[in-house]
Amino acid sequence: MQLFLDTANLDEITEIAAWGVLDGITTNPSLVSKEKRDFKKLVKDICKIVSGPVSAEVVSEDVEGMLREGRDIATWAENVVVKCPLTPNGLAATSKLSKDGIKVNVTLCFSVNQALLAARAGAYFISPFVGRLDDINEDGCALVEQIAEMYHIQSIETRVLAASVRTPPHVHRVALAGADCATMPYKVFKQLVHHPLTDQGMEKFLADWKQAQAAVAP
Ligand code: G3P
């Protein structure tokens with residue numbers, strides 16, 4: 001499963017990219033708004049740091065507007081992916097953009113049938129929202145598993161990008177559920193690497209090493 005960062009913050013992206021395990025970036029209008037920068041310049045800067053897919057979302061609600069925005073966004077960088085919402089107009093725009101060879105990430109997916117529609121429209125990624133389903137007392141990770149299974153049975157190539165991932169257990173559950181990618185906030189990415197036994201182990205190894213070196217010093 002590929003690991004994506006769900007942020008538009010360049011400091012966060014630069015820090016995690018240095019680990020060598022960052023496969024892509026997802027943004028949305030809320031995350032971009034927090035950065036208070038020109039959208040196009042921000043996305044271009046992100047695409048310079050990360051060579052994998054970088055999702056940038058349209059904000060129009062009508063098909064013509066989505067197409068205009070999507071076609072423009074697609075010219076910003078080689079690795080940019082246009083994000084469209086899972087609405088009737090979003091599907092229509094996805095269908096047209098994907099026929100033009102533009103990669104589309106269909107977002108705000110909350111059911112298997114919506115994922116099927118997105119795939120039929122030619123989506124490159126489908127983004128089921130795990131945390132927001134958990135928020136309404138449903139099981140977001142189970143939806144990811146069902147979509148992955150349905151895509152497998154139907155030989156659909158659209159990639160399952162688990163989104164709205166809020167905790168480390170979400171990450172390992174969607175990995176076991178068969179997601180192709182998971183996108184998570186900076187905080188969750190940092191949580192993945194830390195374990196108290198790793199920290200304690202490092203402390204003990206280094207203390208033993210220093211003690212032994214002191215004993216053999218001439
Ligand atoms: O990209 C979609 C994702 O950012 C939504 O996450 O935590 O706002 O539900 P959240």
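Quick look at the values:
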| quantity | calculated |
| --- | --- |
| Leading residue at positive end of dipole, the chain (Cβ point charges), from His170, Leu31, Val144 | Leu31 |
| Relative contact order (%) - criterion: Cα under 8 Å, at least six apart; region: the stretch 2-80 | 30 |
| Dipole axis of the stretch 2-216 (+1 Lys, Arg; -1 Asp, Glu on Cβ), positive-most option in Cys181, Val59, Gln191 | Val59 |
| Relative contact order [Cα under 8 Å, 6+ residues apart], the chain, whole percent | 17 |
| Cleavage-rule hits (GluC sites (Glu not before Pro)) in the stretch 122-218: DSSP loop, at most 16 neighbouring Cβ within 10 angstrom | Glu138, Glu157 |
| Exposure ranking of Trp76, Trp209, Trp19 by accessible area [1.4 Å probe, largest first] | Trp209, Trp19, Trp76 |
| Surface share of carbon and sulfur [accessible, 1.4 angstrom probe, percent] for the stretch 2-216 | 53 |
| Stokes-Einstein diffusion coefficient of the chain, Kirkwood radius over Cα pairs, 10 °C, 1.306 mPa s, in µm²/s | 86 |
| Cβ-placed point charges (K, R +1; D, E -1), dipole of the stretch 39-190 about Cα centre in debye, nearest 20 | 520 |
| Mean projected area in nm² (Cα convex hull; one quarter of hull surface) for the stretch 1-82 | 5.4 |
| Mean projected area (nm²) of the alpha-carbon convex hull when the stretch 81-206 is viewed from all directions | 9.3 |
| Accessible area expressed per residue, the stretch 54-131, with surrounding protein chains retained (probe 1.4 Å, Å²) | 41 |
| Residue among Ala182, Ala17, Ala118 with the largest mean-square fluctuation in a Gaussian network model of the chain, springs linking Cα atoms under 10 Å | Ala17 |
| Residue-span extension gain [Leu176 to Lys48] - 0.36 nm each, minus C-alpha spacing | 42.9 nm |
| 11 Å cut-off, amide nitrogen to a point 7 angstrom out along Asn137 Cα→Cβ, residues in the stretch 75-109 | none |
| Aspartates and glutamates with Cα under 17 Å of Lys34, excluding same-chain neighbours fewer than 8 positions away | Asp6, Asp11, Glu12, Asp45, Glu57 |
| Expected 222 nm ellipticity per residue - DSSP helices of 4 or more, -39500 (n - 2.57), all of the chain, to 500 | -16000 deg cm²/dmol |
| Computed accessible area, Met150, all protein chains, 1.4 angstrom probe, square angstrom | 30 |
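The values are calculated or read from the model by the stated rules, or taken from the named source; none is laboratory data. None of these values were measured; they are calculated from a predicted model. Cβ coordinates were reconstructed from backbone atoms using ideal geometry, including for glycine residues, and neighbour counts include every protein chain displayed. Areas reflect the complete protein model, heavy atoms only, side chains present, ligands, DNA and RNA absent. Shrake-Rupley method; radii C 1.70, N 1.55, O 1.52, S 1.80 Å.
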